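Asker: Take a look at this one; I'll ask things after.
Coordinate-derived values only; no laboratory data. The structure presented is a predicted model; accordingly, all values stated were derived computationally and were not measured. Here the Cβ is made from the backbone with ideal geometry for all residues, glycine too, and neighbour counts use every protein chain on show.
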Amino acid sequence: MTAASPNNRPDLADLLAFYASAGVDEALEDQPVNRFAEAAPRPAEPAPTAPPMGDNAAPPRSTGVPRAETGDRPNSPPVARAPAKTSTVPDEAQAALARQLATTAMTLDELRQHMAAFDGCNLKATAKNLVFADGNPEAAVMLVGEAPGRDEDIEGLPFVGRSGRLLDRMLAAIGLDRTSVYIANVIPWRPPGNRTPTPHETEICRPFIERQIELVNPKLLINLGGPSAKTLLNTSEGILRLRGSWRVHTTASGIAIPAMPTLHPAYLLRTPAHKKLAWRDFLEVKAKLRALT
């Protein structure tokens, strides 16, 4: 295999554009690291030799570690080491706290304050902003996606990037806009690198979005993408099987809200041939909304 010619290598602008599209937007180290440089082989270390035995044997050489840190001082107990720091791991206690906070929120403003103060989800540590919602909280239609992306994390609003622009056009096609709908996500903090949220992270955030839906109390719910549909409709079916037919989201107070699962705008950008399927779903929403009003 021959080495690539310098003329065929991408320039800096191409590399930066690639990293930005992949979600790499923050440096992890102060100095750049050349991952392609060959590391020099380490010299082989001599095999350890057994220390001489006997009365004239030399005392063992110091390791350079103070005795107080190793707990080897005579007549003293070993010194306890501080536990290594680890990142926050979602657990049932945090999920229970999220449920408690969500239940006590009587308004959307209170819910937002509780979520802003909540530190039980490790996604908050890497996100720039809480992405709570956008649109009209009095709207008859509520749309729920999965999680914010880079643009949403920067602006603190859901669906403001390329997916958001496509969603705006989809809404306009059935006579709606951001003043006549309410938009939120299951996960309010951006996962680093736009990775898929873990099941633990989803379960911790679930009480917040369920309470948000309950407080908005829309006439119709649109689940944008499989993760939103699976979480809020309690199903394991894929989105291509779910989409196109009405389901029901039941709130904690027992209110049944008609829900239409459909394809996520980000998926449609990657698979434009399936836009016709989303168009049919949105026509169903338009007809249902007309029948309810």
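Asker: Separation between the Asp168 and Thr107 pseudo-spin-labels, each 7 Å from Cα along Cα→Cβ, expressed in nm?
Answerer: Those two pseudo-labels are separated by 2.9 nm.
Asker: Let me check I've understood the local charge: for Val160, count other residues with C-beta under 9 angstrom from its C-beta, Lys and Arg +1, Asp and Glu -1. What total comes out?
Answerer: Numbers: positive: Arg165; negative: Asp134, Asp151, Glu152, Glu155.
Net of charged neighbours comes to -3.
Asker: Between Ser236 and Gln100, what is the spin-label point distance in nm, taking each point 7 Å from the Cα along the Cα→C-beta axis?
Answerer: Inter-label distance under the simple model: 3.2 nm.
Asker: Percent of Cα-Cα pairs per 10 Å bin, from 0 to the last occupied bin, for the stretch 92-292, please list those.
Answerer: The percentages, shortest bin first, are 9, 39, 39, 13, 1.
Asker: Now for a different question. Applying a 10 Å radius around every beta-carbon, put 111-118, 188-195 in order of their mean neighbour count, most first.
Answerer: The packing order, highest mean first, is 188-195, 111-118.
Asker: Something else: Kindly write out, for the stretch 270-284 in residue order, the coupling ³J(HN,Hα) from the Karplus curve 6.51 cos²θ - 1.76 cosθ + 1.60 (θ = phi - 60°), rounded to whole Hz, with x marking Gly and Pro.
Answerer: Whole-Hz 3J(HN,Hα) from phi for the stretch 270-284: 7, 10, x, 5, 8, 4, 5, 5, 5, 4, 5, 5, 5, 5, 5.
Asker: Another one. Pull out the extension gain between Ile255 and Ser180, defined as 0.36 nm times the separation in residues minus the alpha carbon to alpha carbon distance; nm, one decimal. Please list the in-between numbers first.
Answerer: Values: separation 75, 0.36 × 75 = 27.00 nm, distance 2.15 nm.
Roughly 24.8 nm would be gained on extension.
Asker: How charged is the neighbourhood of Arg290? Take every other residue with its Cβ under 13 Å from the Cβ of Arg290, and add Lys/Arg as +1 and Asp/Glu as -1.
Answerer: Values: positive: Lys219, Lys286, Lys288; negative: Glu284.
Neighbour charge sum, excluding Arg290 itself: +2.
Asker: Where both partners of a DSSP beta bridge lie in the stretch 92-292, what percent of those bridges are antiparallel, to the nearest 5?
Answerer: On the way: 6 of 19 bridges.
Roughly 30 percent of the beta bridges in the stretch 92-292 run antiparallel, per DSSP.
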